[in-house]
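Below is one structure, written out as structure tokens; the observations come after it.
The values are calculated or read from the model by the stated rules, or taken from the named source; none is laboratory data. Computed from a predicted model, the values in this text were never measured in an experiment. A quick note on method: Cβ atoms are made from the backbone with ideal geometry, for glycine too, and the neighbour counts reach across all protein chains shown.
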Amino acid sequence: MKPVYIMIGGFLGAGKTTTISQLAQHFVGQGKKIGIVTNDQTTDLVDTHNLRSQGFNVGEVAGSCFCCNFDALTSTVEGLGAGEFPEVILAEPVGSCTDLVATVIRPLTEVYGVPLDIAPYGVILKPSHGLRILKDDGPGGFSPKANYIFRKQIEEADFVVINRIDELPAADVDELQALIEEKFPDRPVLRCSAKTGDGIDNLLAMLEQRGQFGRRVMEVDYDIYAEGEAELGWLNSQVSVQSDKSFALDDLLMQLSSNLHARLTDADAEAAHLKVIGLCDGSYAVANVVSNETGPELSLPSQSETKSANVVVNARVATDPDELETIVREELKNVAAKFDLAYEVNTMQSFRPGRPVPTHRITE
């Protein structure tokens with residue numbers, strides 16, 4: 001049988017990694033060999049650390065998106081199975097990317113020489129920004145050019161998943177589904193909570209369908225696309241922390257996330273996604289900020305006490321990357337002082353994404 005290729009798209013902070021984790025657990029429970037490919041514009045990706053800490057086989061395409069480094073995607077997939085392809089390949093593209101049908105799915109079927117069973121392409125919707133953007137109700141937290149990417153992601157999807165339904169009033173979920181169906185007709189809309197697993201069965205049933213999928217090739221203005229991506233400041237960092245006395249890893253991550261959230265809010269710098277993972281002695285914890293409006297959340301507690309940890313920070317924020325780096329460095333210093341920690345910044349990268357230049361773009 002051909003390996004199944006499942007790509008889960010969606011904007012930054014939509015919940016792609018948590019969803020992929022749920023899918024991976026399902027397929028592993030069926031006794032299938034799975035491989036996961038994460039993607040980022042640079043190294044030190046929280047998602048990779050998170051998924052590997054759960055015991056999954058994870059490859060990473062770093063330094064560019066899938067579409068702009070198609071050969072790295074295929075070589076990473078080939079390297080997941082140690083000479084044998086996984087039965088199920090789960091791929092998570094960069095959250096600010098779109099046009100993935102023409103630049104990833106179509107090339108996989110028409111250029112790549114290995115036969116794959118391509119599943120329907122689903123895009124996960126982040127409600128905290130989705131309602132504001134789709135309602136055209138004032139600013140959605142981002143510029144119109146960044147909102148353009150959000151809308152284009154939905155436009156090319158075979159189906160849309162409204163995530164985080166456990167955090168929303170039912171009326172908001174209904175309103176969001178009605179907006180999707182009005183503006184993007186003929187796309188099935190699913191509801192789920194990747195965190196609790198509610199609705200994952202419906203997602204799995206959708207991914208098992210085959211037919212006229214992966215064919216929504218669309219017109220994309222690459223000037224607007226590039227400018228929308230470039231309005232986001234990106235930061236990836238690895239930091240080592242240690243103390244003479246034990247500290248609660250969860251408290252450290254939440255304090256750092258809360259401080260960063262407060263600084264970004266004061267600066268009117270909208271967070272597309274802020275992710276912090278702490279790893280120590282075989283335990284790990286994850287804290288997230290998916291928008292300024294919703295604030296920080298300890299999405300995965302460790303309940304660990306430790307004297308040392310490795311902390312990875314990923315931030316995608318609508319602000320100047322130099323300013324973002326200054327904020328992160330200052331709050332690392334403040335949190336270290338509060339917890340009486342010694343710390344060392346091992347790596348710190350901040351930048352704006354460059355213009356997307358796809359390896360292939362098949363539109364016919």
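Quick one: ILE180 ticks every box in (1) without any contact (Cβ under 8 Å) to a residue 60 or more places away in the chain; (2) touching a helix residue (DSSP H, G or I) at 6+ places or on another chain (Cβ under 8 Å); (3) surrounded by fewer than 17 Cβ atoms within 10 Å (Cβ to Cβ); (4) more than 26 Å from LEU108 (Cα to Cα) except a single one, so which number is it?
The failed condition is (3).
Within the bounds of the stretch 154-169, is there any residue that is surrounded by 22 or more Cβ atoms within 10 Å (Cβ to Cβ) and among the acidic types (Asp, Glu)?
Yes, the conditions are met somewhere in the stretch 154-169.
Step by step: first the residues of the stretch 193-207, then only those that are of a type in the set (A, V, I, L, M, F, W, C) and more than 18 Å from THR294 (Cα to Cα), then the one that is surrounded by the fewest Cβ atoms within 10 Å (Cβ to Cβ). Which residue is that?
Kept after step one, since they are of a type in the set (A, V, I, L, M, F, W, C), are these residues of the stretch 193-207: 194, 200, 203-207.
Of the ones still in play, those that are also more than 18 Å from THR294 (Cα to Cα) are 200, 203-207.
Details: ILE200: 19, LEU203: 23, LEU204: 14, ALA205: 10, MET206: 17, LEU207: 20.
Applying the filter and picking the extreme gives ALA205.
Please go through the stretch 157-183 and pick out each residue that is hydrophobic (A, V, I, L, M, F, W, C) and either assigned to a helix (DSSP H, G or I) or more than 19 Å from the chain's Cα centre (by Cα) (or both).
Across the stretch 157-183, the qualifying residues are ILE165, LEU168, ALA170, ALA171, VAL173, LEU176, ALA178, LEU179, ILE180.
Considering only residues that are crowded, with 20+ Cβ neighbours inside 10 Å, among the hydrophobic types (A, V, I, L, M, F, W, C) and touching a strand residue (DSSP E or B) at 6+ places or on another chain (Cβ under 9 Å), which ones fall in the stretch 208-244?
Passing the criteria: LEU232, TRP234, LEU235, VAL239, VAL241.
Under the condition of being modelled with pLDDT of 95 or more and among the small types (Gly, Ala, Ser), which residue from the stretch 114-136 is farthest from PHE184 (Cα to Cα)?
That would be ALA119.
Look at ASP186 and say whether it is out of contact with any Asp or Glu (no Cβ under 7 Å at 6 or more places or on another chain), assigned to a loop (DSSP other than H, G, I, E, B), free of Cβ contacts under 8 Å to residues at least 24 places away in the same chain and of a type in the set (Asp, Glu).
It is true that ASP186 is out of contact with any Asp or Glu (no Cβ under 7 Å at 6 or more places or on another chain), assigned to a loop (DSSP other than H, G, I, E, B), free of Cβ contacts under 8 Å to residues at least 24 places away in the same chain and of a type in the set (Asp, Glu).
Given the options VAL77, VAL123, name the one that is surrounded by 20 or more Cβ atoms within 10 Å (Cβ to Cβ) and in a helix (DSSP H, G or I). Give the steps one after another, and end with the answer.
Details: VAL123 fails: in a helix (DSSP H, G or I).
Residue meeting the stated conditions: VAL77.
Kindly provide the set of residues from the stretch 304-352 that are outside any helix (DSSP H, G or I), among the hydroxyl-bearing types (Ser, Thr, Tyr) and over 17 Å from LEU279 (Cα atoms), ordered by number.
Start the filter on the stretch 304-352 by keeping residues that are outside any helix (DSSP H, G or I), which leaves 304-320, 339-352.
Checking which are among the hydroxyl-bearing types (Ser, Thr, Tyr) leaves us with 304, 306, 308, 319, 343, 347, 350.
THR319, SER350, listed by residue number.
State yes or no: is PRO358 touching a His at 6+ places or on another chain (Cβ under 8 Å) and not basic (Lys, Arg)? Lay out the reasoning, then the answer.
Details: touching a His at 6+ places or on another chain (Cβ under 8 Å): no; not basic (Lys, Arg): yes.
Criteria not met by PRO358.
Answer with yes or no whether PHE85 is among the aromatic types (Phe, Trp, Tyr) and in a helix (DSSP H, G or I). Give the steps one after another, and end with the answer.
Values: among the aromatic types (Phe, Trp, Tyr): yes; in a helix (DSSP H, G or I): no.
Answer is no for this residue.
Go over the candidates LYS152, LYS126 one by one and state the one that is more than 24 Å from GLN22 (Cα to Cα) and of a type in the set (D, E, K, R).
Working: LYS126 fails: more than 24 Å from GLN22 (Cα to Cα).
Result of the check over LYS152, LYS126: LYS152.
Can you find, within the stretch 189-235, the residue that is nearest to LEU108 (Cα to Cα) among those that are touching a Gly at 6+ places or on another chain (Cβ under 9 Å) and not in a loop (DSSP other than H, G, I, E, B)? Outline the logic, then answer.
Let us first name the residues in the stretch 189-235 that are touching a Gly at 6+ places or on another chain (Cβ under 9 Å), namely 190-195, 203, 206-207, 226, 229-230.
If we keep only those that are not in a loop (DSSP other than H, G, I, E, B) too, we end up with 190-191, 203, 206-207, 226, 229-230.
Numbers: LEU190: 26, ARG191: 28, LEU203: 22, MET206: 20, LEU207: 17, ALA226: 24, GLU229: 24, ALA230: 27 Å.
That would be LEU207.
Can you pull out every residue in the stretch 8-34 that is touching a residue at least 60 places away in the same chain (Cβ under 8 Å) and either among the β-branched types (Val, Ile, Thr) or not assigned by TED's automatic domain parsing to the domain that holds CYS97 (or both)?
ILE8, THR17, THR18, THR19, ILE20
VAL220: under 30 Å from GLY63 (Cβ atoms), in contact with a Leu (Cβ under 9 Å, 6 or more places away or on another chain) and β-branched (Val, Ile, Thr), yes or no?
Working: under 30 Å from GLY63 (Cβ atoms): yes; in contact with a Leu (Cβ under 9 Å, 6 or more places away or on another chain): no; β-branched (Val, Ile, Thr): yes.
For VAL220, the condition - under 30 Å from GLY63 (Cβ atoms), in contact with a Leu (Cβ under 9 Å, 6 or more places away or on another chain) and β-branched (Val, Ile, Thr) - is not met.
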